[in-house]
Amino acid sequence: MKRRDFVKLGSLAAVTSLYPQKSDASAITFKKAFTQKLAIPPIAEYKEENGVKIYNLSVQEGKMDFLNGAKTSTYGINGDFLGPTIRVKDKDKIKINVANNLRETTTMHWHGLRIKGSSDGGPHNIINPNTTWSADIDIDQKASMCWYHPHAIGKTGRQVFMGLAGIFLIDDDETKGVDLPSEYGVDDIPLVLQDRRFDNLGEFLYSQNMMDTMMGVTGNVHLINGVIDPVVEVEPKAVRFRFLNGSNARIYNLMFEKQNDFFQVAGDSSLLPAPVKLSNFIIAPGERAEIVVDFSKYAGKTLYFGDGFDKRVLLKIVVKNSKPQPMKLPEKLVTIDEYKDKKATNTRDFRLNMSMGFLGINEKQMDMNRIDERVKKDRFEIWRITNRSPRPHPFHVHGTGFSIISRDGSKPLINEMGLKDTVLVYSRETVEILVRFKYDADANTPYMYHCHILEHEDGGMMGQFTVEA
Ligand SMILES: [Cu+2]
């Protein structure tokens, strides 16, 4: 993995000029970059009945004022764009009612959750328009930031692009004792990274020609939590940023403009065993990463955070000129022992195939009527994922969290020592993961494994597996 320099970001005016412009004077104009306040997704409300927390989600059409003078048609969950943050605790029993108020079918998948196949929200859990699907979930996993998004066959990419995604936060007792910033939206800030492109009328432009399918759909406009080029104000103290790459296809190399250091404290499905000092990290679609930044050194200053691959600022950070509070970061975070010293009794190979006009896994394209793998419950297995194609693919496995064993025979990266559910497999690379499933998924509602570039997933780079005793 090459580290690319976050070269001088240039004037922000140059950034906005990349947006598509319409010649009609009455049409869209562009809001000034880094003037809009970062939005924080609200925490979803629930009611408790017989010890079960009940959430109601409405998947609906909306309109958003992304650009001056144009109302963009969107999809949202309990709102116009994106959804509320579902925040639960380990061992909670919850039920989520998902009402589909769209004019098309959808599903709702809980990405990163360890749940039975029938509640997983994969392509088989179809929710028809004007109907409600309910997921019963017994939360049984470590504290982490997971997320939810549709997973309908062939239309995941478009529905996510339209705005269907939300954060799913899990807390647990072990991390309650870990001294990390934890005031939601204040010093513990979720950041859903997405990119979009717009047409001349200000509507999202999601076409899916052969090029889009092969490259994945990216856009020249960047959103965080649904806000284009936002600004956030923080106190001069330790602040935790929880990143979700909710983009369809864009891989980010996140860093500060001046390459300031920070500490990564969590990956996809758990905290890391210990904080890892970094000045950049790569995050692929579907992945999450949490960092803690010591802003005590920057009282009264403004910092820029962005993507080194695209050489773009994504977030302006204004540090208040108040009394700095020095950062104390724990040396150890959590114990990750689920896969420690476990011997695998079976190995499976997954070859990611991408050639002109063909996206698949193990030379097969996704087929709803074919079960590709049958996995035994509670058995430790090695899954060996090989990418011979010229581009990286993020490989996601439903129903569990896994441990990365090796990359091309070498140790995994230092910031991926926690539990993962999505792993970026670089071009010409083989990654081995140790995996185990604790819940059932039968042939009616099997789990999926797939590339999380959503156009690749929709294009057939996905397979199905059952988990049974
Ligand atoms: Cu892919």
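Results, tabulated for the structure shown:
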| quantity | calculated |
| --- | --- |
| Relative packing of peptides 254-262, 442-450, 114-122 - highest average C-beta neighbours within 10 Å first | 114-122, 442-450, 254-262 |
| The chain, relative contact order [Cα under 8 Å, separation at least 6], % | 15 percent |
| Charge dipole (debye, nearest 20) of region 36-172; +1 at Cβ of Lys and Arg, -1 at Cβ of Asp and Glu | 240 debye |
| Paramagnetic label zone (point 7 Å from Cα along Cα-to-C-beta, residue 427; backbone N under 16 Å) in region 334-374 | 352-356 |
| Overall form of region 36-104 per C-alpha gyration tensor (a/c, 1.5; a/b vs b/c) | oblate |
| For the chain, convex hull of alpha carbons as volume per residue, Å³ | 142 Å³ |
| Surface share of carbon and sulfur [accessible, 1.4 angstrom probe, percent] for the chain | 49 percent |
| Sorted peptide list for 417-423, 63-69, 185-191, 239-245, criterion being average Cβ within 10 angstrom, highest first | 417-423, 239-245, 185-191, 63-69 |
| Probe 1.4 Å, accessible area per residue of the chain, Å² | 39 Å² |
| Virtual spin-label span in nm between residue 138 and residue 176, 7 Å along Cα→Cβ | 2.1 nm |
| Prolate/oblate/rounded label for region 188-319 (Cα gyration tensor, a/c 1.5) | prolate |
| Shape category assigned to region 117-248 from the gyration tensor of Cα positions, a/c cut at 1.5 | oblate |
| Highest to lowest packing among 354-361, 160-167, 301-308, scored as the average C-beta count within 10 Å | 160-167, 301-308, 354-361 |
| For the chain, share of DSSP beta bridges that run antiparallel, in % to the nearest 5 | 70 percent |
| Residue-averaged [θ]222 nm for the chain, counting only DSSP H segments that reach four residues, each worth -39500 (n - 2.57) | -1000 deg cm²/dmol |
| Length-normalised contact order for region 380-424 - Cα pairs under 8 Å, 6+ apart - percent | 44 percent |
| Additional length obtainable on full extension of the chain from residue 378 to residue 43, 0.36 nm per residue less Cα span | 117.2 nm |
| 5 Å binning of all Cα-Cα separations within region 36-172, expressed as whole percents from 0 upward | 2, 11, 20, 25, 19, 13, 7, 3, 1, 0 |
| Cα-projected label distance for residue 258 with residue 410, points at 7 Å along beta-carbon direction, nm | 3.1 nm |
| Amide H contacts under 5 Å for residue 440, placed H, 5+ residues apart | 117 |
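The values are calculated or read from the model by the stated rules, or taken from the named source; none is laboratory data. Since the model is a prediction, treat every value here as computed from it, not as a measurement. All Cβ positions, even for glycine, are placed from backbone atoms using ideal geometry, and neighbour counts span all protein chains on display. Ligands, DNA and RNA are stripped out before the accessible areas are found, and what is left, the full protein with its side chains, is counted by its heavy atoms. Shrake-Rupley method; radii C 1.70, N 1.55, O 1.52, S 1.80 Å.
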